[in-house]
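First the structure, in the form of structure tokens, and then the observations on it.
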Amino acid sequence: MGRVPPDLRQAVTPEPPLPSEILTYYARAGESARLFEGAGRIELARTQEIILRHLPPGRSTVLDVGGGPGVYACWLAGLGHEVHLIDASELHVDQARAAAARVRCALASARVGDARRLEQPDASAQAVLLLGPLYHLTEESDRLRALGEARRVLAPGGWLFAAGISRFASLLAGLVEGLMRDPAYVAIVERDVADGQHRNPTAVDYFTTAYFHQPHELTSEIARAGLTVLELLGVEGPGWLMPDLESRWSDGRERDLLLWAARVVEREPTLLGLSPHLLVVARRTA
């Protein structure tokens, strides 16, 4: 398949922006707390440190696409960046605005939108965050449209930080959390591992419609969109599997060890799928 044209704004008119079950899932309002509990705290700390490794000093225009309730957007705005948040969920946009007011950070904008059809002008951002859209766009063509849009709005030399869910996330989580005792969950995992298409036909909170990447698939899609891949990293590392994660995280020394362990293996190809989240760092080089 050839390179995705840089501007696909007229090539897709999604209606609705996401399948209804995804919007229903996020309407439960659980996302605002997710990064502040359990393994989400490792995800947050590690994603922040990886972004800071690459984001240049000074004020940058940052587009947080699929920014959810604004955790990363408010953090970056607090560091002095001009941050524009876009999310498919109106609830998330409202939560992001409320969070910005609560912590007194100024978001440049926060609006409902679609990763596949951005309103921003060409070459208008120094960085784009795609920390959610690529796993809720279950068709490869839609993911490539979102990546093509990210490339379009990036200025030459701009940075892309794009996350995917590992193909084996539900398998490992099911073992750790005892979910494999439910045959319905086992059936979900079997499909996840087979083709990456995560579907949850139950009423249990086994996540919602998503695509789980193999590590090489994620980098391949980003490269095919015309971006230069610099790093493919496992985010959480092995620490998220610890049964006593809560007590470890509350101890400063143990918390440092969990983060250190994640850094040690973050580029190890044989262990990338161990992390529930993968993060690609890429640039628009032309």
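The values are calculated or read from the model by the stated rules, or taken from the named source; none is laboratory data. Since the structure is predicted, the reported quantities are computational estimates derived from the model, not experimental observations. Glycine gets a Cβ as well: all are built from the backbone with ideal geometry, and neighbour counts include every protein chain shown. Remember, those area values only see protein heavy atoms, side chains included, never the ligands or the DNA or RNA. Shrake-Rupley method; radii C 1.70, N 1.55, O 1.52, S 1.80 Å.
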Quick check: net charge around G158, other residues with Cβ under 10 Å of its Cβ, Lys/Arg +1 and Asp/Glu -1? +3
Net charge (Lys, Arg +1; Asp, Glu -1) of residues whose beta-carbon lies under 10 Å from that of L274, L274 excluded, is -2
Sequence ranges 104-116, 26-38, ranked by mean other-Cβ count within 10 angstrom, highest first: 104-116, 26-38
Calc'd 3J(HN,Hα), segment 259-268, phi into Karplus 6.51 cos²θ - 1.76 cosθ + 1.60 (θ = phi - 60°), Hz, glycine/Pro = x, comes to 5, 4, 4, 5, 5, 4, 10, 4, 9, 6
What three numbers, in Å, describe the spread of the alpha carbons of segment 97-212 along their principal axes, ordered from the longest? 49, 36, 22
Just the accessible area per residue of segment 59-106, please: how many Å² with a 1.4 Å probe? 40
Working note, segment 64-103: Cα radius of gyration (Å, one decimal) and Dmax (Å, whole number) are 9.0, 25
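Let me check I have the definition right: for segment 43-173, take the eigenvalues of the Cα gyration tensor, multiply each by 5, take square roots. What are those semi-axes in whole Å, largest first?
Working from the Cα gyration tensor, I get semi-axes of 21, 18, 16 Å.
So how do 170-181, 247-258 stack up, highest first, on mean other-Cβ count within 10 Å?
Most protected by this proxy first, the peptides run 170-181, 247-258.
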Amide H partners (placed H, <5 Å) of D64, local residues excluded: H84, L85, I86, L129
Return the single residue from Y211, Y185, Y135 with maximal mean-square fluctuation; model: Gaussian network over the chain, springs between Cα atoms under 10 Å. Y185
3J(HN,Hα) from dihedral phi, segment 199-213, Karplus parametrisation 6.51/-1.76/1.60, rounded to Hz, x for glycine, proline: 10, 10, x, 8, 8, 8, 7, 9, 6, 10, 3, 7, 10, 9, 7
Per residue accessible area in Å² of segment 185-269, where ligands, DNA and RNA are left out and the probe is 1.4 Å: 47
One can check that the equivalent ellipsoid of the chain, built from the alpha-carbon gyration tensor with semi-axes equal to the square roots of five times its eigenvalues, has lengths in Å, largest first, of 27, 22, 20
Per residue, how much accessible area does segment 112-167 have with a 1.4 Å probe, in Å²? 26
Alpha carbons only, please: Rg and Dmax for segment 137-286, in angstrom. 16.9, 51
Antiparallel versus total DSSP beta bridges in segment 43-158: what percent is that, nearest 5? 5
Once neighbouring chains are kept in place and the probe is 1.4 Å, which whole percent of the accessible area of segment 111-237 is contributed by carbon and sulfur? 55
Can you compute 3J(HN,Hα) from phi for each residue in segment 43-54, using the Karplus curve 6.51 cos²θ - 1.76 cosθ + 1.60 with θ = phi - 60°, rounded to whole Hz and x for Gly and Pro? 4, 5, 4, 6, 5, 4, 5, 5, 4, 5, 4, 10
